[in-house]
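The values are calculated or read from the model by the stated rules, or taken from the named source; none is laboratory data. The structure presented is a predicted model; accordingly, all values stated were derived computationally and were not measured. Glycine gets a Cβ as well: all are built from the backbone with ideal geometry, and neighbour counts include every protein chain shown. Side chains included, ligands, DNA and RNA excluded: accessible areas come from the protein's heavy atoms. Shrake-Rupley method; radii C 1.70, N 1.55, O 1.52, S 1.80 Å.
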Amino acid sequence: QGQEEFVQMFLDEAKVTAAFNHPHIAQVFDLHVADGELFLAMEFVPGATLVEVAKACRAANEPIPIGFGLAAARDTALALHYAHTFTDPLGRPTSVIHRDVAEKNIMVTYEGVTKLLDFGIAKNLARKGRTQIGMVKGTSGYMSPEQILGERLDARSDLFSLGVVLHECLTGLRLFHAKTPAEGAGAVLHGQVPPPSRANRAVPPELDAIVLKALARKREDRYA
């Protein structure tokens, strides 16, 4: 209340995600006002985020199963493709960039279904974004180089973030680990990206190549 820009961003999120209908995106059911408070009613996802899965695997002293990580990354990629190529009910192309793809926003249900959450800072490319120039929004260590630099984003930015997620699922280690957001940004822009097989010998060369292509610093070198 009293924060007009925040309320408008909240409404923008609701309008974007309420129109989505995809098995790997958490569904928005309702947007309403109760006692002067705005709320979103969303699908309840019984399961765990990839952060919680990673913690459980560390506690058990076991690696995240490669097949599990690959399935979660594949299904998240399908969800992102749906958002990137979204067409609204009137038939207008309405590409939406998530901008915060990270383990905390990817859940897996107890039945094994992946759900991408929180389009709260998503950017609809069909309208003028409300994010101010110079204001970077996202999770440190997962943002693409162009997002950190405040450049215009396209679908390949989310693919970089998903590449970070997949690398971390395969290795069980943070890729761009840093104590501060500034250090995290520096690691993304200038740090070495080792192939996942260096930390996990079970990763085949073909998978190394896929991850490193997704993590190319120049977006032209990533998957389209």
message: Could you list, ordered by first residue, the pairs with Cβ atoms under 6 Å in which the first is in segment 91-113 and open to solvent by 50 Å² or more (accessible area, probe 1.4 Å) and the second is not acidic (Asp, Glu), at least 6 apart or interchain?
response: Pro93/Thr87; Lys104/Thr49; Lys104/Val51; Tyr110/Pro46; Tyr110/Gly47
- prompt: Looking at (1) touching a Ser or Thr at 6+ places or on another chain (Cβ under 8 Å); (2) over 25 Å from Ser157 (Cβ atoms); (3) among the hydrophobic types (A, V, I, L, M, F, W, C), which is the one condition that is false for Ala102?
  reply: (2)
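Quick check: anything in segment 164-172 crowded, with 18+ Cβ neighbours inside 10 Å, of a type in the set (Asp, Glu) and closer than 19 Å to Phe68 by Cα? Explain how you work it out, then say what you get.
Going residue by residue through segment 164-172, those that are crowded, with 18+ Cβ neighbours inside 10 Å are 164-171.
Imposing the further condition that a residue be of a type in the set (Asp, Glu) reduces the set to 168.
Still in the running and closer than 19 Å to Phe68 by Cα: 168.
The answer is yes, given that some residue of segment 164-172 is crowded, with 18+ Cβ neighbours inside 10 Å, of a type in the set (Asp, Glu) and closer than 19 Å to Phe68 by Cα.
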query: What is the residue count in segment 18-51 for residues that are farther than 30 Å from Pro63 by Cα and hydrophobic (A, V, I, L, M, F, W, C)?
result: 13
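Taking the stated definitions as given, is Asp158 modelled with pLDDT under 90 and either among the charged types (D, E, K, R) or under 20 Å from Gly67 (Cα atoms) (or both)?
Working: modelled with pLDDT under 90: no; either among the charged types (D, E, K, R) or under 20 Å from Gly67 (Cα atoms) (or both): yes.
So Asp158 fails the test.
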- request: Would you point out the residue of segment 1-22, among those that are farther than 17 Å from Val96 by Cβ and either surrounded by fewer than 11 Cβ atoms within 10 Å (Cβ to Cβ) or not β-branched (Val, Ile, Thr) (or both), that is modelled with the lowest pLDDT?
  value: Gln1
- prompt: Can you tell me which residues in segment 168-191 are assigned to a helix (DSSP H, G or I) and touching a residue at least 24 places away in the same chain (Cβ under 8 Å)?
  reply: Glu168, Cys169, Leu170, Thr171, Pro181, Gly184, Ala185, Ala187, Val188, Leu189
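Can you name the residue in segment 44-71 that is free of Cβ contacts under 8 Å to residues at least 40 places away in the same chain and either over 16 Å from Val165 (Cβ atoms) or of a type in the set (Gly, Ala, Ser) (or both) and, of all such residues, is surrounded by the fewest Cβ atoms within 10 Å (Cβ to Cβ)?
Step one: of segment 44-71, the residues free of Cβ contacts under 8 Å to residues at least 40 places away in the same chain are 44, 52, 55-56, 59-62, 65, 67.
Retained after the next criterion (residues that are either over 16 Å from Val165 (Cβ atoms) or of a type in the set (Gly, Ala, Ser) (or both)): 44, 56, 59-62, 67.
Working: Phe44: 8, Ala56: 12, Ala59: 8, Ala60: 8, Asn61: 6, Glu62: 10, Gly67: 8.
Applying the filter and picking the extreme gives Asn61.
Return the residues of segment 41-71 that are out of contact with any helix residue (DSSP H, G or I) (no Cβ under 7 Å at 6 or more places or on another chain), outside any loop (DSSP other than H, G, I, E, B) and under 14 Å from Gly172 (Cα atoms); say none if nothing qualifies.
Glu52, Val53, Lys55, Ala56, Cys57, Arg58, Ala59, Gly67, Phe68, Leu70, listed by residue number.
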- line: Scanning segment 81-90 for residues that are in a loop (DSSP other than H, G, I, E, B) and surrounded by 12 or more Cβ atoms within 10 Å (Cβ to Cβ), the one modelled with the lowest pLDDT turns out to be Asp88
- prompt: Taking segment 141-156 on its own, how many of its residues are assigned to a loop (DSSP other than H, G, I, E, B) and farther than 20 Å from Gly191 by Cα?
  reply: 3
